[in-house]
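The values are calculated or read from the model by the stated rules, or taken from the named source; none is laboratory data. The model shown is predicted, which means the values in this text are computed figures rather than measured ones. Don't worry about glycine lacking a Cβ; one is built from the backbone with ideal geometry, like all the others, and counts go over all protein chains shown.
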Amino acid sequence: MHSLNQEIKAFSRNNLRKQCTRVTTLTGKKIIETWKDARIHVVEEVEPSGGGGCGYVQDLSLDLKVGVIKPWLLLGSQDAAHDLDTLKRLKVTHILNVAYGVENAFLNDFIYKNISILDLPETNILSYFPECFEFIEQAKMKDGVVLVHCNAGVSRAAAIIIGFLMNSEEISFTSAFSLVKNARPSICPNAGFLEQLRTYQGGKERNRLNEDT
C-alpha cells in the first residue's frame, strides 16, 4: 500500500520544474509563473501568446472544485475565487488571497486579506502563518466562511491551511495533510513547504514539552 509518507517523500523539485501557471489579472495583465532550473520565473506577457509559451498543454477548463476542510474553512483556486455563483453557493464571507498577481474580484461582497506569496521552495511560508491564522480565526469568530486560495489552490493555500490545522487542532503534520488531501485531492505543496511544515511540527512539540516541564 502506498503510504502517505512515501507520497510526501516522493515530492521533489523535479516534480515542480514542469509547473507553469498562466494568470490573467482583472486588468488584463498576463503573468506566467514557470519553473526553470528548480527556480520559479515570474514573467509578464506583453501580448497574449498562442498558448505555447510554456511548452506544455494548457488546461483551459476552470477549476471550480472547492475543498471543504471545515464547514467554515474552504480551499480553492483563483477560478473559484473569481466565480461569484460558487462563492455565494458556499456562503463565503471572507477570502484569504495568498496568490501572486491575482486581484480580488468582488470587493463589495467579501472581506479580503491579500498576502502575496511566491510558490518557491525557499520561500519562508512559516513567516506568513501568524497573519494568515489571525484572519482565518477572525472569520470563524464572526461565524463567517473563509476561502483560502492561491493561483492553483495546490501549494501555497494548502500549506497555509495545513499549518493552521496543526496549530488550532494541535494535530500532527501527517494528520493535517491527510485532512486537506481528502478535501482537495489535487493539493501538492512544494518540497520546501513540506519540509518547513515538518519543522513547524517539531517546534510545536518542543514547546509542549517545555510547558510540561
Single residue of the range 138-156 satisfying the filter (closer than 15 Å to residue 95 by Cβ and charged (D, E, K, R)) that is surrounded by the most Cβ atoms within 10 Å (Cβ to Cβ): 156
Scanning the range 157-194 for residues that are surrounded by fewer than 15 Cβ atoms within 10 Å (Cβ to Cβ) and not hydroxyl-bearing (Ser, Thr, Tyr), which turns out nearest to the chain's Cα centre (by Cα)? 185
Could you check, for the range 156-167, whether at least one of its residues is closer than 19 Å to residue 67 by Cα, of a type in the set (S, T, N, Q) and touching a helix residue (DSSP H, G or I) at 6+ places or on another chain (Cβ under 8 Å)? no
Can you tell me which residue is farthest from residue 86 (Cα to Cα) among those in the range 103-122 that are surrounded by fewer than 19 Cβ atoms within 10 Å (Cβ to Cβ) and within 13 Å of the chain's Cα centre (by Cα)? 118
Would you please list the contacts, defined by Cβ atoms under 9 Å and residues six or more apart or on different chains, that run from a residue in the range 68-88 that is under 14 Å from residue 98 (Cβ atoms) and among the hydroxyl-bearing types (Ser, Thr, Tyr) to a residue that is part of a helix (DSSP H, G or I) and modelled with pLDDT of 95 or more? 77/157
